[in-house]
Each structure stands twice: as structure tokens, then as C-alpha cells.
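Chemist: Attaching a single structure in C-alpha cells format; questions to follow.
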Amino acid sequence: MILIGRTHSGKTTLIQVLNKSLMKYKKTQTIEYHNNILDTPGEYIENRRFYNALIISSFDCDVIGLVQDCTDCSCIFPPNFVSMFNKEVIGIITKIDCKEGNIKYAEKCLHSAGVSKVFKISSIKGYGIENIKKYLYRE
């Protein structure tokens with residue numbers, strides 16, 4: 001799987017939780033590989049000139065994960081963004097435990113980008129993590 005989302009959307013934290021790693025914040029500077037999951041820098045979706053890097057990096061991935069922070073009041077993903085990948089794309093709404101979050105807006109954003117399946121998670125509180133694990137690892 002490759003995770004794509006804005007800076008601070010929770011991609012690295014989600015990977016740490018899925019891999020049962022020590023949770024610590026670090027800014028992802030380049031594409032990193034962690035136990036079958038690619039972590040991308042937020043700048044790769046924030047700057048269109050890096051879209052090619054996302055496409056090329058996703059080539060060997062079975063699943064593309066678009067990550068939308070529900071506390072983010074803007075949508076970084078263009079309409080029908082998933083069409084450039086020609087493979088399975090899921091949406092992941094992060095930080096659902098935050099009071100200022102707008103889960104409905106995040107879901108609308110991901111559906112507009114073209115995802116059909118959306119997972120709602122909190123990496124900190126563990127909400128929804130088992131659902132995404134079951135889906136990814138087909139347990």
C-alpha cells in the first residue's frame with residue numbers, strides 16, 4: 001500500500017500503528033518503505049509537479065490509500081484523482097477523535113476524488129484500526 005495525503009494528515013502515524021512501532025513524530029522527507037507500506041511526503045500531493053512520483057511509486061502497490069485529516073477544512077485531492085492510478089484506491093479519514101473534525105466533509109472530499117471505500121480512524125485512540133487491518137491483510 002502507498003499512503004498519499006497532505007503534510008500532517010497522519011500518514012506516518014498510521015504506518016507506525018499498523019506496524020506496531022514506537023509512535024514518534026518525524027517529518028517524512030522522501031518516500032519511505034515500512035513493512036509493505038510506502039509513506040509519501042505531503043509535498044508530493046501538495047505540488048502537482050510531484051504527481052509523477054506518486055504514480056511511479058504506486059506501480060507495485062496493490063492498494064492506494066488517500067489520507068484526509070478530518071480537521072483539515074480543505075480538500076487536497078482533485079475530483080476523480082484516483083483515475084490516474086488504474087487500481088484499487090481507498091480513502092482513510094484520520095483524527096476522527098478530534099472535536100473540531102468534520103468527518104462528513106472529509107468523506108465528501110474522498111468520494112469526489114473517486115474512492116469507493118472509506119475507513120474512519122484514530123491512530124491515537126485506536127478507533128477503526130482493526131477494520132483497516134482486516135481489509136489490508138484480508139484477515
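Chemist: Looking at (1) open to solvent by less than 40 Å² (accessible area, probe 1.4 Å); (2) touching a Gly at 6+ places or on another chain (Cβ under 6 Å), which is the one condition that is false for residue 120?
Modeler: Of (1) open to solvent by less than 40 Å² (accessible area, probe 1.4 Å); (2) touching a Gly at 6+ places or on another chain (Cβ under 6 Å), only one is false for residue 120: (1).
Chemist: Please go through segment 117-134 and give me each residue that is closer than 15 Å to residue 65 by Cβ and without any contact (Cβ under 8 Å) to a residue 24 or more places away in the chain, ordered by number.
Modeler: First pass over segment 117-134, keeping only residues closer than 15 Å to residue 65 by Cβ: 117-121, 123, 128-129, 131-134.
If the condition is that a residue be closer than 15 Å to residue 65 by Cβ and without any contact (Cβ under 8 Å) to a residue 24 or more places away in the chain, then 131, 134 are the ones that fit.
Chemist: Need the failing condition index for residue 76 against (1) modelled with pLDDT of 95 or more; (2) over 15 Å from residue 123 (Cα atoms); (3) in contact with a Ser or Thr (Cβ under 8 Å, 6 or more places away or on another chain); (4) among the β-branched types (Val, Ile, Thr), just the number.
Modeler: (3)
Chemist: Continuing with the same structure: Consider residue 3 carefully, then state whether it is open to solvent by less than 20 Å² (accessible area, probe 1.4 Å), touching a residue at least 40 places away in the same chain (Cβ under 8 Å) and within 24 Å of residue 138 (Cβ to Cβ). Spell out how you get there, then give the answer.
Modeler: On the way: open to solvent by less than 20 Å² (accessible area, probe 1.4 Å): yes; touching a residue at least 40 places away in the same chain (Cβ under 8 Å): yes; within 24 Å of residue 138 (Cβ to Cβ): yes.
Criteria met by residue 3.
The values are calculated or read from the model by the stated rules, or taken from the named source; none is laboratory data. Not measured: the values here are computed from a predicted model. Counting neighbours? That spans all protein chains shown, and the Cβs are built from the backbone with ideal geometry, glycine included. Each accessible area value is taken on the protein alone, full model and side chains, heavy atoms only, with ligands, DNA and RNA left out. Shrake-Rupley method; radii C 1.70, N 1.55, O 1.52, S 1.80 Å.
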